[in-house]
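Asks: Dropping a structure here in structure tokens format, bear with me for questions.
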Amino acid sequence: MHRIFLATEGGVYELIPTGGAHRICCPDLEVVDAALFEGHLYVCSPAHGVYEVKGRQLRRISPGGCWRLVKLGDNLIASLEGPVLVDAVSGAKVADLTGYADELGWRYKRGPAHISDIVLFKDRLVASVEEGNLLAGADLSELRPVKFRGELHALLSDLGRLFIATSTGVYYTKDLETFNMSRGPTGYTHAVGRCGGYLAVHEVSNKPIWVSVDGITWRNVPVALPPPRHGARSLACLGARALYAVRQVYIIDLARLIMERLASGLPIVLNIEIF
């Protein structure tokens, strides 16, 4: 049975089978990502860093603004501002990209740039910088900039292509050399994923969800919903259904366009993670 966590402006909530949600940690912490790893919960805060949750206590693993937690093989990697990558369990530094940030002028509007996502694409690790270049390398310590640059938010490796959700729409590439813009959303997109037979992404708009079968041509799902907050990864996939959340959680059958409302009255949801 899946466990569904909501990282919010006021801690981490877990959805419960009755459709509600209960807070499981850190009500005073803005949390942008959460991960279950080896039986432990880790949380990522842009103001305070990476923590392991131990009952009602928080054990800080690493200071510095944290923006993403990504499981890669047997490791959980935390993305800190800089950009810097650390092992979320030990706090050991894995990669330091601050030299590239200085050289290439990377800068996020809330402070130093950070890596917003990491995926395996073909035989290489690829990371997106907000705001800066796309990076690629055989491992994290060998990440190097490629020519694609912008406000890069989320990555998906699917259909032999890499899809990149950015502030101006969704781009794709087959080879990390030639990049094309998809036909679809042209605004601030985030949280791209695979929902059954569809790729799905959300845009900051009153009809936020877009879907595609090939990642090249997208169509807007005709369901009005509150727009996501800038910076939020408010979309996740549960089989062929999409979970979407702002202050309430919605579950949407993308094929039949049937929507169910779940938990409500939440702090603003900044990320949805399914384990």
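The values are calculated or read from the model by the stated rules, or taken from the named source; none is laboratory data. Worth saying up front: this structure is predicted, and the values here are computed from it rather than measured. Here the Cβ positions follow ideal geometry from the backbone for every residue, glycine too, while neighbour counts run over all protein chains shown. Side chains included, ligands, DNA and RNA excluded: accessible areas come from the protein's heavy atoms. Shrake-Rupley method; radii C 1.70, N 1.55, O 1.52, S 1.80 Å.
Asks: Checking the condition open to solvent by less than 10 Å² (accessible area, probe 1.4 Å) and in a loop (DSSP other than H, G, I, E, B), which residue from 185, 222 passes? Break it down stepwise before answering.
Replies: Details: 222 fails: open to solvent by less than 10 Å² (accessible area, probe 1.4 Å).
When all the criteria are applied, what remains is 185.
Asks: While we're on this one: Is one or more of the residues making up segment 215-225 on the phi > 0 side of the Ramachandran plot and at pLDDT 95 or above? Outline the logic, then answer.
Replies: First, pick out the residues of segment 215-225 that are on the phi > 0 side of the Ramachandran plot: 215.
Next, from what is left, pick out any that are at pLDDT 95 or above: 215.
Yes: segment 215-225 contains one or more residues that are on the phi > 0 side of the Ramachandran plot and at pLDDT 95 or above.
Asks: A further question on this structure: Of the conditions (1) among the polar types (S, T, N, Q); (2) under 23 Å from residue 2 (Cα atoms); (3) buried (at least 20 other Cβ atoms within 10 Å of the Cβ), residue 248 clears all except one; give me its number.
Replies: Only one criterion in (1) among the polar types (S, T, N, Q); (2) under 23 Å from residue 2 (Cα atoms); (3) buried (at least 20 other Cβ atoms within 10 Å of the Cβ) is unmet by residue 248, namely (3).
Asks: With the condition being open to solvent by 30 Å² or more (accessible area, probe 1.4 Å) and either within 21 Å of residue 261 (Cα to Cα) or hydroxyl-bearing (Ser, Thr, Tyr) (or both), I'd like the strands (runs of 3 or more DSSP E) fully within segment 1-90 carrying at least 2 qualifying residues.
Replies: Values: elements: 4-8, 11-15, 21-25, 33-37, 40-45, 49-54, 57-62, 66-72, 75-80, 84-87.
Result: 21-25.
Asks: Is at least one residue of segment 133-144 in a strand (DSSP E or B), over 15 Å from residue 218 (Cβ atoms), open to solvent by 10 Å² or more (accessible area, probe 1.4 Å) and not hydroxyl-bearing (Ser, Thr, Tyr)? Reasoning before the result, please.
Replies: Looking only at segment 133-144, we keep the residues that are in a strand (DSSP E or B), and these are 133-137, 144.
Applying the additional criterion that residues be over 15 Å from residue 218 (Cβ atoms) yields 133-137, 144.
Adding the requirement that they be open to solvent by 10 Å² or more (accessible area, probe 1.4 Å) leaves 133, 144.
Still in the list and also not hydroxyl-bearing (Ser, Thr, Tyr): 133, 144.
Yes, there is a match, as at least one residue in segment 133-144 is in a strand (DSSP E or B), over 15 Å from residue 218 (Cβ atoms), open to solvent by 10 Å² or more (accessible area, probe 1.4 Å) and not hydroxyl-bearing (Ser, Thr, Tyr).
Asks: Need at least 1 residues that are out of contact with any Lys or Arg (no Cβ under 7 Å at 6 or more places or on another chain) and on the phi > 0 side of the Ramachandran plot per element, so show me which strands (runs of 3 or more DSSP E) inside segment 236-275 make the cut, counting only ones lying wholly within it. Steps first, answer last, please.
Replies: Details: elements: 241-245, 249-253, 258-261, 269-274.
Because the criterion is at least 1 residues that are out of contact with any Lys or Arg (no Cβ under 7 Å at 6 or more places or on another chain) and on the phi > 0 side of the Ramachandran plot, no strands (runs of 3 or more DSSP E) in segment 236-275 meet it.
Asks: With respect to residue 228, determine if the residue is open to solvent by less than 40 Å² (accessible area, probe 1.4 Å), in contact with a His (Cβ under 9 Å, 6 or more places away or on another chain), more than 23 Å from residue 13 (Cα to Cα) and not in a strand (DSSP E or B).
Replies: On the way: open to solvent by less than 40 Å² (accessible area, probe 1.4 Å): yes; in contact with a His (Cβ under 9 Å, 6 or more places away or on another chain): yes; more than 23 Å from residue 13 (Cα to Cα): no; not in a strand (DSSP E or B): yes.
It is false that residue 228 is open to solvent by less than 40 Å² (accessible area, probe 1.4 Å), in contact with a His (Cβ under 9 Å, 6 or more places away or on another chain), more than 23 Å from residue 13 (Cα to Cα) and not in a strand (DSSP E or B).
Asks: Looking at (1) open to solvent by 50 Å² or more (accessible area, probe 1.4 Å); (2) acidic (Asp, Glu); (3) closer than 22 Å to residue 130 by Cα, find the lone condition where residue 260 falls short.
Replies: Among (1) open to solvent by 50 Å² or more (accessible area, probe 1.4 Å); (2) acidic (Asp, Glu); (3) closer than 22 Å to residue 130 by Cα, the lone unmet condition for residue 260 is (3).
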